[in-house]
Every structure is written in structure tokens, then in C-alpha cells.
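The values are calculated or read from the model by the stated rules, or taken from the named source; none is laboratory data. Worth saying up front: this structure is predicted, and the values here are computed from it rather than measured. Every residue, glycine among them, receives a Cβ derived from its backbone with ideal geometry; neighbour counts consider all protein chains shown.
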Amino acid sequence: MKNLKKAGLTLVKIIFSVLLVFFIFKKIDLVAIKNVLLEVRPLYLGLAILFFILSKIIAAIRLHHYFQDISIPISNLANMKLYILGMFYNLFLPSGIGGDAYKGYILKNTYDISTKKIASVLFLDRLNGMAALAILALAVASCIDLPIPSWMKILIPIGIPLALFIFYVMHKKLFPYLNGILWKTIFLSFMVQLAQLASLCFILISLSVNKGYLIYLLIFLISSIVSVLPITIGGIGAREVTFFYGAQWLQIEEHLAISVSMVFFLITALVSFIGVYYHFKKIDIKS
């Protein structure tokens, strides 16, 4: 019954993702997108891929700090392999076995660690990343003349220390046994997101987008928050819808915004597919 429920939920996510993608394709000029993608500049696209890979390496290092803090003696190399396998599962195997669930299952069966602690660090790793996204989004938003009331513009920069304070309090109260690495992991979270923003900038350059960079960065950060929500498979569709409506709201070309989103997804898929190797070749966790 439990497996049937998971399968049903997964099917709903897949259908929702497909519907979102179909909706976007009906709304935009596909010929214009094709023309943009055909003119991509390979050198800058390669740099975008490198910075995306760098962001994932830093993210894996952050997660490794959490594992070490709850006495999981997994090596850096084994952790990196497990991380890339988790990326593959999240994107290419839309089933009840998510990347985080698989990592938790493997570590629980390899080391004498409580399920609660493993679940806590996996959740906190995600929460840490979300906090960094929110703070950076507020920082970028405060630099843009957004079409919102003046009183809301005043509140945006105030939200930056407030978001950091809320995360700090949640961390201290809910995960007191992990406070020793609080600031280290927050720093790494910002490095992850800055590397991804650098990747996005190189995508923009590769597509010959020469203005409105801060607007694209803001939409990207918001779309990254939306794509983490468990409503689609791997964020497919959710990111594109965010880019579409963000482009309309902030008055940039919709076909360019969707092209940027599509290229970022293709880079994500390309890097995540590396994990297929560890799907067939068992990872030696204790190596």
C-alpha cells in the first residue's frame, strides 16, 4: 500500500511537470527559442558547465561536513560519488527512490547511525541552501527597480538580516548537535549559489544576452526556490513557468528567458547523468 501511494504521488508529479512544460510551449515562440539556441557560443557554454560542476562539488563538501558532524566516517571521494548518484536519481529515476532517500538508506545500512540524525542532516542541508537562495534573492531584488509599491521596496533589504536570523534560530533550536558547523555550512551555501549565478552569467553570455543581468539573476534565484518544492520531477516545468511569468513581470523577452532556463536544465541533466555510472557500479562507501 505504501509503495502504491508513492507510485501514485510520483505519477501526479510527472503529469504536473508535463502539463507545465506543455503550457509553456503553447505560450512562447518556439522558432525564436530555436534560433537563440542555434547561436549559442560554445566557449562560454563550457564555462557555464564548469561553474555548475563547481557548485555541485561545493554542495557535496557541505553535506560531507554534516555527515562528519554526526560521526559518519565517509570519505570525501565516497561522499562525492554518492552525491552525484543522488543527482541522477532525483532527475532520471522519478520513483519513490529520491536522491536524499537513497543516501539516507545507504548510510543507515552502512554505519550505526540513527535514522533521525541522518534525516536531520539531509533536511538541514536542503534548508541551508534555501536560506542562501532567499537571502541572495533579496539582495539582488534590492538592487532592481521592481514594479512594486514603495513600502515593499523598503522591506526588501530588511528581509536579508531577518532571513539569516530566522535560519540561525531554527538551526540552534532544532539542530543543537550541529551548531559547531553552522557558519561554515552557511558560507558554503553562499559559495554554491554564487557558483551557480556565475554559471547563469556565462549562459547569458553564451546566448548573447547583453542587458538585464540582475533581472535574470533574480528570476533564476526565485525559480531555484520554486524548483526545490516537491511538486514536480526534478523541478522540470516549475523553473520554466517561473522564468516565463518573471519575464512578463519584469519586462524582458520571454523567449530569451525560457532559452536561459532550458540551457540551465540541459546542463543540470548532463552533469546529473554522470551518476548513471554509479547506478551500475556499486559505490564502496567505506573506501
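Just checking, which of Ile231, Ile283, Ile205 is at pLDDT 85 or above and among the β-branched types (Val, Ile, Thr)? Before the answer, list the steps.
On the way: Ile231 fails: at pLDDT 85 or above; Ile283 fails: at pLDDT 85 or above.
Criteria check complete, one pass: Ile205.
Over 27 Å from Gly246 (Cβ atoms) and crowded, with 16+ Cβ neighbours inside 10 Å - does that describe any residue in the stretch 124-139? Write out each step before concluding.
Going residue by residue through the stretch 124-139, those that are over 27 Å from Gly246 (Cβ atoms) are 124.
Pick out the ones that are also crowded, with 16+ Cβ neighbours inside 10 Å and you get 124.
Yes, the conditions are met somewhere in the stretch 124-139.
Quick one: Val169 ticks every box in (1) surrounded by 15 or more Cβ atoms within 10 Å (Cβ to Cβ); (2) under 23 Å from Ser120 (Cβ atoms); (3) not charged (D, E, K, R) except a single one, so which number is it?
Val169 satisfies all of (1) surrounded by 15 or more Cβ atoms within 10 Å (Cβ to Cβ); (2) under 23 Å from Ser120 (Cβ atoms); (3) not charged (D, E, K, R) except (1).
Take the conditions of a type outside the set (A, V, I, L, M, F, W, C), touching a Leu at 6+ places or on another chain (Cβ under 8 Å), within 26 Å of Phe273 (Cβ to Cβ) and part of a helix (DSSP H, G or I) and apply them to Tyr83. Does it pass?
Values: of a type outside the set (A, V, I, L, M, F, W, C): yes; touching a Leu at 6+ places or on another chain (Cβ under 8 Å): yes; within 26 Å of Phe273 (Cβ to Cβ): yes; part of a helix (DSSP H, G or I): yes.
Yes; evaluated as a whole, the condition is true for this residue.
Just checking, how many residues over the stretch 106-138 are farther than 17 Å from Ala60 by Cα and of a type in the set (Phe, Trp, Tyr)?
Of the residues in the stretch 106-138, 1 are farther than 17 Å from Ala60 by Cα and of a type in the set (Phe, Trp, Tyr).
Quick one: would you say Leu124 is in contact with a Gly (Cβ under 9 Å, 6 or more places away or on another chain) and among the aliphatic types (A, V, I, L, M)?
no
Condition (residue is β-branched (Val, Ile, Thr) and under 20 Å from Lys34 (Cβ atoms)) applied to the stretch 266-276: is it met by at least one residue? Write out each step before concluding.
Taking the stretch 266-276 first, the residues β-branched (Val, Ile, Thr) are 267-268, 271, 274, 276.
In the following step, the residues that additionally are under 20 Å from Lys34 (Cβ atoms) were identified as 267.
Yes: the stretch 266-276 contains one or more residues that are β-branched (Val, Ile, Thr) and under 20 Å from Lys34 (Cβ atoms).
Given the condition under 29 Å from Ser120 (Cα atoms) and within 23 Å of the chain's Cα centre (by Cα), answer yes or no: does some residue in the stretch 139-152 qualify?
Residues of the stretch 139-152 under 29 Å from Ser120 (Cα atoms): 139.
Subset that is within 23 Å of the chain's Cα centre (by Cα): 139.
Within the stretch 139-152 (the criterion being under 29 Å from Ser120 (Cα atoms) and within 23 Å of the chain's Cα centre (by Cα)), the answer is yes, since at least one residue qualifies.
Can you name the number of the only condition in (1) modelled with pLDDT of 85 or more; (2) buried (at least 18 other Cβ atoms within 10 Å of the Cβ) that Leu155 fails?
Result: Leu155 fails condition (2) only.
Could you tell me which numbered condition Phe165 fails, if it satisfies all but one of (1) under 22 Å from Phe190 (Cβ atoms); (2) at pLDDT below 90; (3) of a type in the set (Phe, Trp, Tyr)?
Of (1) under 22 Å from Phe190 (Cβ atoms); (2) at pLDDT below 90; (3) of a type in the set (Phe, Trp, Tyr), only one is false for Phe165: (2).
Taking the stretch 237-262, which residues are assigned to a helix (DSSP H, G or I) and charged (D, E, K, R)?
Correct list: Arg239, Glu240, Glu254.
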